[in-house]
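The values are calculated or read from the model by the stated rules, or taken from the named source; none is laboratory data. Fair warning: this is a prediction, and the values are worked out from it, not measured in the lab. Glycine gets a Cβ as well: all are built from the backbone with ideal geometry, and neighbour counts include every protein chain shown.
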Amino acid sequence: MIAHTPAPPYYAVIFSSLRTEGDHGYGEAAHRMLELARDQPGFLGVESAREAGLGITVSYWESEAAILAWKQHAEHRAVREQGRSTWYSAFQTRVCKVERAYTFQH
């Protein structure tokens, strides 16, 4: 599903990852993180896709302060550490300011 975001400016956090073999609780943790993120002030939406081990998740936020608050959330920090030790062989996070956005819809 495509996230519905407001008119720019706003921010996008792009998380690209390569998974390790096996679930090891990943699915449950990912679901929990989405629930938590949705409750965070400044959260606007999320889009995610995974194919052949490569995953890309883009979360949208009102401000850099909202992104930092999410990064510092205690449960999110703990899950990130588990990601480093168990679920990911590599990942990269990029934070971007969205200055223009275009839509098309039938």
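Which residue pairs have Cβ atoms closer than 7 Å, lie 6 or more positions apart in sequence or on different chains, and pair a first residue in segment 61-73 that is closer than 19 Å to E47 by Cα with a second residue that is at pLDDT 95 or above and in a helix (DSSP H, G or I)?
From segment 61-73, the pairs are W61/I67; W70/A37; W70/H76.
Please work out if G27 is in a helix (DSSP H, G or I), modelled with pLDDT under 95, small (G, A, S) and exposed (fewer than 12 other Cβ atoms within 10 Å of the Cβ).
Numbers: in a helix (DSSP H, G or I): yes; modelled with pLDDT under 95: yes; small (G, A, S): yes; exposed (fewer than 12 other Cβ atoms within 10 Å of the Cβ): yes.
The answer is yes for G27.
Return the pairs, sorted by first residue and then second, in which the second residue is of a type in the set (S, T, N, Q), the first residue lies in segment 34-48 and is closer than 19 Å to M1 by Cβ, the beta carbons are less than 6 Å apart, and the residues are 6+ apart or on different chains.
Listed pairs, sorted by first residue: L44/T5; G45/T5; V46/S59; S48/T57.
How many residues does segment 1-24 hold that are in a strand (DSSP E or B), among the hydrophobic types (A, V, I, L, M, F, W, C) and closer than 22 Å to A69 by Cα? Give the steps one after another, and end with the answer.
Taking segment 1-24 as the starting set, the residues that turn out to be in a strand (DSSP E or B) are 10-19.
The next check asks that each one be among the hydrophobic types (A, V, I, L, M, F, W, C); those that pass are 12-15, 18.
Narrowing the set further to residues that are closer than 22 Å to A69 by Cα leaves 12-15.
Residues that pass the stated criteria total 4.
For segment 60-95, which residues satisfy the criterion of being out of contact with any Leu (no Cβ under 8 Å at 6 or more places or on another chain), surrounded by 12 or more Cβ atoms within 10 Å (Cβ to Cβ) and not in a helix (DSSP H, G or I)?
Selection gives S63, T93, V95.
For segment 42-59, enumerate the residues that are within 14 Å of Y26 (Cα to Cα) and either part of a strand (DSSP E or B) or within 13 Å of the chain's Cα centre (by Cα) (or both). Before the answer, list the steps.
Start the filter on segment 42-59 by keeping residues that are within 14 Å of Y26 (Cα to Cα), which leaves 50, 53, 55.
R50, G55 - these are the residues of segment 42-59 that are within 14 Å of Y26 (Cα to Cα) and either part of a strand (DSSP E or B) or within 13 Å of the chain's Cα centre (by Cα) (or both).
Do you know which residues across segment 74-97 are touching a residue at least 24 places away in the same chain (Cβ under 8 Å) and of a type in the set (D, E, K, R)?
E75, R94, K97
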